[in-house]
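**Q** One structure is given below, represented as structure tokens, and several questions about it will come after.
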Amino acid sequence: MKNINLMLIGLILIAIAGIIVYNLIRPPLVEVENKYCNNAEDCRVTSCMDCVNVNQEEMRFCERPAYELNFTLKCECINFQCQVVKVPKTTAGTIAKNSGGSAALIAECANKSYIYDNSDVIIIGNVSKVETKQENQIYTYSTISIENFVKGNLTSNTVTIKTPGGCIGTTCMVVEDQPIFHENKLVKIYLKQTDNEFSIFCSIMGVEEVGHI
């Protein structure tokens, strides 16, 4: 009986020691915006550099422009710590829509600072392709090959802008306040994300032509 008691005491002591060691070596909970990092929602940041616990390898990627990489950088909650992870970019491209019409414009859209501050992603890219399709109405699809991210990031290297209006043969449809893209032009586009969809922020005011290719 005495030996059994000693064994039980020994097992209890080993268990206590294990708990102490675990608490000493486990990563501490990281507080992000007054929340503990328990999932990816707690690690929502504006850029890779804002992510906590960025190690030296991650810093190398953070310091390089994201558009030079074949992946995008995200901040995820790993072992209770916000860490940078690499997500391969897709070749499918991102679709951005523009509903158009004067209702999409407000007085603040005349202020570039307002557009910049309220955009989630700002890109500079080459208009590589423009084509018009007949669906329930005429739509123009303009493909932008991204050359630089001014703000934010995307999971692809191209953006296709879908705008109502355009010409098919001799039939043309004109929609008020629509941006018009021309092939081989360099443009800056301000994008707003709502749920999983992107749109041009401030409609026509959210597009700037910055040069020729």
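The values are calculated or read from the model by the stated rules, or taken from the named source; none is laboratory data. These numbers come from a predicted model, not from an experiment. Using ideal geometry, Cβ is built from the backbone for each residue, glycine included, and neighbour counts are taken over all protein chains shown.
**Q** Any chance you could count how many residues in the range 72-86 are touching a Leu at 6+ places or on another chain (Cβ under 8 Å) and either acidic (Asp, Glu) or assigned to a strand (DSSP E or B) (or both)?
**A** 4
**Q** Separate question: If you take just the strands (runs of 3 or more DSSP E) that sit entirely in the range 107-189, which of them hold at least 3 residues that are outside the structural domain of CYS51 (by TED's automatic domain parsing) and surrounded by 19 or more Cβ atoms within 10 Å (Cβ to Cβ)? Give the derivation first.
**A** On the way: elements: 121-134, 138-151, 158-164, 166-168, 171-173.
In the range 107-189, 121-134, 138-151, 158-164 are the strands (runs of 3 or more DSSP E) which contain 3 or more residues that are outside the structural domain of CYS51 (by TED's automatic domain parsing) and surrounded by 19 or more Cβ atoms within 10 Å (Cβ to Cβ).
**Q** Please identify the pairs in which a residue from the range 39-58 that is in the same structural domain as ASN79 (by TED's automatic domain parsing) has its Cβ atom under 9 Å from the Cβ atom of a residue that is assigned to a loop (DSSP other than H, G, I, E, B) and of a type in the set (Gly, Ala, Ser), counting only partners at least 6 apart or on another chain.
**A** THR46/GLY152; SER47/GLY152
**Q** Quick one: which of VAL87, VAL54, VAL32 is farther than 30 Å from LYS162 by Cα and modelled with pLDDT of 70 or more?
**A** Matching residue, one of VAL87, VAL54, VAL32: VAL54.
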